[in-house]
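Chemist: A single structure is presented below for examination.
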Amino acid sequence: NVVPVSTVAGLTAALAAANPGDVITLAAGTYVGAFPISRDGTAANPIVIRGASRDTVILDATGRSIGVTLAGDYTRLESLTVRGSDWGVKLNNTTGVVVRGVLITDVNKGIDGRSGQTRGLYLCDNVLEGRRVWPDFANAIENAEGIVVTGQGHTVCHNRIQGFGDAL
(Lines give C-alpha, C1' and ligand atoms only; values in the text may rest on other atoms or scores of the structure.)
Protein backbone atom coordinates (compact mmCIF):
# COMPACT_ATOMS: atom_id res chain seq x y z
CA ASN A 1 0.00 0.00 0.00
CA VAL A 2 1.77 3.13 -1.23
CA VAL A 3 1.00 6.25 0.83
CA PRO A 4 2.26 9.37 -0.97
CA VAL A 5 3.22 12.31 1.27
CA SER A 6 4.17 15.86 0.34
CA THR A 7 3.51 17.90 3.53
CA VAL A 8 4.42 17.76 7.22
CA ALA A 9 0.75 17.24 8.11
CA GLY A 10 0.53 14.40 5.62
CA LEU A 11 3.67 12.77 7.02
CA THR A 12 2.46 13.08 10.61
CA ALA A 13 -0.91 11.54 9.68
CA ALA A 14 0.68 8.73 7.65
CA LEU A 15 3.05 7.79 10.48
CA ALA A 16 0.22 7.77 13.03
CA ALA A 17 -1.99 5.55 10.85
CA ALA A 18 0.67 3.28 9.32
CA ASN A 19 -0.13 -0.41 8.96
CA PRO A 20 2.02 -3.42 8.04
CA GLY A 21 2.91 -3.26 4.36
CA ASP A 22 2.50 0.51 4.02
CA VAL A 23 5.19 2.28 2.02
CA ILE A 24 5.11 5.96 2.97
CA THR A 25 6.79 7.78 0.06
CA LEU A 26 7.99 11.31 0.69
CA ALA A 27 8.06 13.74 -2.21
CA ALA A 28 11.04 16.03 -2.62
CA GLY A 29 11.02 18.86 -0.10
CA THR A 30 11.88 19.87 3.45
CA TYR A 31 9.73 18.53 6.30
CA VAL A 32 10.32 20.50 9.49
CA GLY A 33 9.86 18.74 12.82
CA ALA A 34 10.71 15.64 14.82
CA PHE A 35 9.04 12.51 13.50
CA PRO A 36 8.17 9.48 15.67
CA ILE A 37 6.71 6.18 14.51
CA SER A 38 5.51 3.66 17.06
CA ARG A 39 3.40 1.47 14.79
CA ASP A 40 4.59 -2.11 14.12
CA GLY A 41 5.10 -3.73 10.77
CA THR A 42 5.79 -7.45 10.42
CA ALA A 43 8.79 -9.34 9.10
CA ALA A 44 6.88 -10.10 5.88
CA ASN A 45 5.21 -6.67 5.68
CA PRO A 46 7.33 -3.92 7.23
CA ILE A 47 6.30 -0.28 7.39
CA VAL A 48 8.60 1.66 5.05
CA ILE A 49 9.31 5.39 5.16
CA ARG A 50 11.11 6.17 1.90
CA GLY A 51 12.21 9.45 0.42
CA ALA A 52 12.24 10.20 -3.29
CA SER A 53 16.01 10.55 -2.86
CA ARG A 54 18.49 11.20 -0.08
CA ASP A 55 19.42 14.53 -1.64
CA THR A 56 15.92 15.93 -2.16
CA VAL A 57 13.96 14.78 0.93
CA ILE A 58 15.05 16.51 4.14
CA LEU A 59 13.64 15.96 7.61
CA ASP A 60 14.81 19.15 9.31
CA ALA A 61 14.76 18.67 13.09
CA THR A 62 16.93 21.68 13.92
CA GLY A 63 16.96 22.37 17.65
CA ARG A 64 15.12 19.18 18.55
CA SER A 65 16.39 16.37 20.74
CA ILE A 66 15.74 13.59 18.20
CA GLY A 67 15.07 13.81 14.46
CA VAL A 68 13.37 10.45 13.87
CA THR A 69 12.29 7.98 16.54
CA LEU A 70 11.56 4.44 15.38
CA ALA A 71 9.75 2.67 18.22
CA GLY A 72 7.83 0.13 16.15
CA ASP A 73 9.07 -3.29 15.12
CA TYR A 74 9.83 -4.02 11.46
CA THR A 75 10.01 -0.43 10.25
CA ARG A 76 12.36 0.93 7.59
CA LEU A 77 13.80 4.38 7.04
CA GLU A 78 15.31 4.79 3.58
CA SER A 79 16.68 7.34 1.08
CA LEU A 80 16.31 10.66 2.88
CA THR A 81 18.23 13.19 4.98
CA VAL A 82 17.81 13.85 8.71
CA ARG A 83 19.47 17.03 9.92
CA GLY A 84 19.91 19.45 12.79
CA SER A 85 18.86 17.50 15.90
CA ASP A 86 20.97 16.34 18.84
CA TRP A 87 20.41 12.64 17.95
CA GLY A 88 19.64 11.95 14.29
CA VAL A 89 17.76 8.65 14.72
CA LYS A 90 16.71 6.85 17.90
CA LEU A 91 15.59 3.22 17.94
CA ASN A 92 13.47 2.38 20.99
CA ASN A 93 13.09 -1.27 22.00
CA THR A 94 12.78 -2.49 18.41
CA THR A 95 13.17 -5.64 16.37
CA GLY A 96 13.89 -5.83 12.65
CA VAL A 97 14.40 -2.10 12.03
CA VAL A 98 16.26 -1.00 8.90
CA VAL A 99 18.01 2.35 8.40
CA ARG A 100 19.48 2.32 4.89
CA GLY A 101 20.70 4.97 2.49
CA VAL A 102 20.09 7.80 4.96
CA LEU A 103 22.20 10.95 5.35
CA ILE A 104 22.30 12.08 8.98
CA THR A 105 24.00 15.47 9.11
CA ASP A 106 24.60 18.46 11.37
CA VAL A 107 23.93 16.38 14.51
CA ASN A 108 25.81 15.83 17.76
CA LYS A 109 25.08 12.09 17.73
CA GLY A 110 23.97 9.79 14.91
CA ILE A 111 22.01 6.57 15.50
CA ASP A 112 21.07 5.45 19.03
CA GLY A 113 20.07 1.79 19.26
CA ARG A 114 20.57 1.29 23.00
CA SER A 115 17.03 1.56 24.37
CA GLY A 116 15.30 -1.59 25.56
CA GLN A 117 15.66 -4.94 23.84
CA THR A 118 16.95 -4.16 20.36
CA ARG A 119 17.18 -7.15 18.01
CA GLY A 120 18.05 -7.64 14.36
CA LEU A 121 18.83 -4.06 13.36
CA TYR A 122 20.14 -3.42 9.84
CA LEU A 123 22.08 -0.14 9.71
CA CYS A 124 23.87 -0.01 6.36
CA ASP A 125 24.86 2.29 3.51
CA ASN A 126 24.34 5.48 5.52
CA VAL A 127 26.38 8.68 5.74
CA LEU A 128 26.68 10.21 9.21
CA GLU A 129 28.19 13.69 9.56
CA GLY A 130 28.63 14.97 13.09
CA ARG A 131 29.51 18.47 14.24
CA ARG A 132 32.96 17.64 15.66
CA VAL A 133 36.05 18.78 13.78
CA TRP A 134 39.34 16.94 14.23
CA PRO A 135 41.24 17.48 16.41
CA ASP A 136 38.62 18.09 19.10
CA PHE A 137 39.95 17.46 22.58
CA ALA A 138 36.83 18.46 24.52
CA ASN A 139 36.15 16.37 27.60
CA ALA A 140 32.74 15.24 26.33
CA ILE A 141 33.81 14.21 22.81
CA GLU A 142 33.72 10.50 23.65
CA ASN A 143 29.97 10.87 24.23
CA ALA A 144 29.45 12.13 20.68
CA GLU A 145 28.45 8.74 19.22
CA GLY A 146 28.16 8.03 15.51
CA ILE A 147 26.34 4.70 15.81
CA VAL A 148 25.74 2.98 19.14
CA VAL A 149 23.79 -0.28 19.50
CA THR A 150 23.21 -2.93 22.11
CA GLY A 151 21.26 -6.16 21.80
CA GLN A 152 21.67 -9.07 19.41
CA GLY A 153 21.73 -10.00 15.75
CA HIS A 154 22.57 -6.62 14.24
CA THR A 155 24.14 -5.86 10.88
CA VAL A 156 26.06 -2.58 10.71
CA CYS A 157 27.97 -2.17 7.45
CA HIS A 158 29.15 0.21 4.73
CA ASN A 159 28.47 3.40 6.67
CA ARG A 160 30.61 6.52 6.28
CA ILE A 161 30.98 8.16 9.69
CA GLN A 162 32.79 11.42 10.46
CA GLY A 163 32.66 14.23 12.97
CA PHE A 164 32.00 12.16 16.10
CA GLY A 165 34.14 11.39 19.14
CA ASP A 166 33.26 7.68 18.96
CA ALA A 167 32.29 6.55 15.46
CA LEU A 168 30.90 3.07 16.24
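The values are calculated or read from the model by the stated rules, or taken from the named source; none is laboratory data. Values in this document were obtained by computation on a predicted structure and should not be read as measured data. With ideal geometry, Cβ positions are generated from the backbone for all residues, glycine too; neighbour counts draw on all protein chains shown. We work out accessible area using only protein heavy atoms, side chains counted, and drop any ligands, DNA or RNA first. Shrake-Rupley method; radii C 1.70, N 1.55, O 1.52, S 1.80 Å.
Chemist: Within segment 109-129, can you find the residues that are at pLDDT 95 or above, part of a strand (DSSP E or B) and small (Gly, Ala, Ser)?
Modeler: Gly110
Chemist: Can Ala14 be described as more than 17 Å from Val98 (Cβ to Cβ), surrounded by 19 or more Cβ atoms within 10 Å (Cβ to Cβ), free of Cβ contacts under 8 Å to residues at least 60 places away in the same chain and not acidic (Asp, Glu)? Write out each step before concluding.
Modeler: On the way: more than 17 Å from Val98 (Cβ to Cβ): yes; surrounded by 19 or more Cβ atoms within 10 Å (Cβ to Cβ): yes; free of Cβ contacts under 8 Å to residues at least 60 places away in the same chain: yes; not acidic (Asp, Glu): yes.
Yes; evaluated as a whole, the condition is true for this residue.
Chemist: Give the number of residues within segment 24-62 that are β-branched (Val, Ile, Thr) and over 14 Å from Leu80 (Cα atoms).
Modeler: Here is the first cut: in segment 24-62, the residues β-branched (Val, Ile, Thr) are 24-25, 30, 32, 37, 42, 47-49, 56-58, 62.
Filter once more, so that each one left must be over 14 Å from Leu80 (Cα atoms): 37, 42, 47, 62.
Looking only at that region, the number is 4.
Chemist: Here's something else I'd like to know. Any residue at all in segment 35-47 that's open to solvent by 70 Å² or more (accessible area, probe 1.4 Å) and part of a strand (DSSP E or B)? Before you say what the answer is, go through the steps one by one.
Modeler: Kept after step one, since they are open to solvent by 70 Å² or more (accessible area, probe 1.4 Å), are these residues of segment 35-47: 36, 38-40, 43-45.
Keeping just the survivors that are part of a strand (DSSP E or B) gives 36.
There is at least one residue in segment 35-47 that is open to solvent by 70 Å² or more (accessible area, probe 1.4 Å) and part of a strand (DSSP E or B).
Chemist: Filter segment 74-85 down to residues that are in a strand (DSSP E or B) and open to solvent by 30 Å² or more (accessible area, probe 1.4 Å) and give me whichever is farthest from Thr42 (Cα to Cα).
Modeler: In the first step, residues of segment 74-85 are kept if they are in a strand (DSSP E or B); the result is 75-78, 81-83.
Now narrow it down to the ones that are open to solvent by 30 Å² or more (accessible area, probe 1.4 Å): 76, 83.
Details: Arg76: 11, Arg83: 28 Å.
Filtering segment 74-85 for residues that are in a strand (DSSP E or B) and open to solvent by 30 Å² or more (accessible area, probe 1.4 Å), the one farthest from Thr42 (Cα to Cα) comes out as Arg83.
Chemist: Output the number of residues of segment 49-62 satisfying the condition of being assigned to a strand (DSSP E or B) and surrounded by fewer than 21 Cβ atoms within 10 Å (Cβ to Cβ).
Modeler: 2
Chemist: Next question. Report yes if some residue within segment 135-156 is in contact with a Gly (Cβ under 9 Å, 6 or more places away or on another chain), modelled with pLDDT of 90 or more, among the polar types (S, T, N, Q) and surrounded by 20 or more Cβ atoms within 10 Å (Cβ to Cβ); otherwise report no.
Modeler: No, there is no match, as no residue in segment 135-156 is in contact with a Gly (Cβ under 9 Å, 6 or more places away or on another chain), modelled with pLDDT of 90 or more, among the polar types (S, T, N, Q) and surrounded by 20 or more Cβ atoms within 10 Å (Cβ to Cβ).
Chemist: Let me ask something else about it. Do the conditions hold for Ser85, that is, is it at pLDDT 95 or above, in contact with a Lys or Arg (Cβ under 8 Å, 6 or more places away or on another chain) and among the polar types (S, T, N, Q)?
Modeler: Details: at pLDDT 95 or above: yes; in contact with a Lys or Arg (Cβ under 8 Å, 6 or more places away or on another chain): yes; among the polar types (S, T, N, Q): yes.
Considered against the rule, which asks whether it is at pLDDT 95 or above, in contact with a Lys or Arg (Cβ under 8 Å, 6 or more places away or on another chain) and among the polar types (S, T, N, Q), Ser85 comes out as yes.
Chemist: Now a separate question. Take the residues in segment 95-118 that are in contact with a Gly (Cβ under 7 Å, 6 or more places away or on another chain) and hydroxyl-bearing (Ser, Thr, Tyr); name whichever of them is farthest from Ile161 (Cα to Cα).
Modeler: Restricting to residues being in contact with a Gly (Cβ under 7 Å, 6 or more places away or on another chain) and hydroxyl-bearing (Ser, Thr, Tyr), the top hit is Thr95.
Chemist: Considering only segment 86-122, state which residues are open to solvent by 30 Å² or more (accessible area, probe 1.4 Å), of a type in the set (Asp, Glu) and under 16 Å from Phe35 (Cβ atoms).
Modeler: Asp86, the sole residue that qualifies.
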